[in-house]
Amino acid sequence: MKEASERTGRDCKEVAQRFRLWPGSARLHWTDLSEALVVGIALLLYYLVRGNVVDLPAEAMANAVRLIDLERTLGIFREIDLQQAVLPYRWAVDLLNYVYFYLHWPVIAVVGIWLDSAE
């Protein structure tokens, strides 16, 4: 019994070290910092651009029409079908809005960290 417990502890430690979750296993390299800097700058630019175009609804609509035209050309435009499937269910609309508003960036960050740490 003790042997199984020790083996399980060793396995957990090996997994934690592999994913840099164990003290002393962090292998921070300058490329990690440079990638974090690139992501941080991209995030900053995203919010700057988003904040600067909030008062340009006509331009936003023109961009949306161009995007829809491109999606139709590629045969991937499904927005109307998806909205018709979800809109009758208020709980689904609220859930999807919540996921987009509160979980969009955290999920991207967690998956990015996970992909970076997996070997």
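Read-outs throughout are calculated quantities, based only on the coordinates presented, and are distinct from any laboratory measurement. Everything numeric here is computed off the predicted structure, so don't read it as measured data. Cβ coordinates were reconstructed from backbone atoms using ideal geometry, including for glycine residues, and neighbour counts include every protein chain displayed.
Data for the structure
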quantity: Under the Debye formula (equal points on every Cα, no solvent term), log10 I(q)/I(0) of region 39-119 at q = 0.16, 0.20, 0.25 Å⁻¹; calculated: -1.04, -1.22, -1.11
quantity: Whole-Hz ³J(HN,Hα) from phi, Karplus 6.51 cos²θ - 1.76 cosθ + 1.60, for region 72-87, glycine and proline x; calculated: 5, 4, 7, x, 10, 6, 10, 4, 5, 4, 5, 5, 5, 6, 9, 4
quantity: Given charges at Cβ of Lys, Arg, Asp, Glu: region 56-119 dipole, positive-most of ILE80, LEU96, VAL107; calculated: ILE80
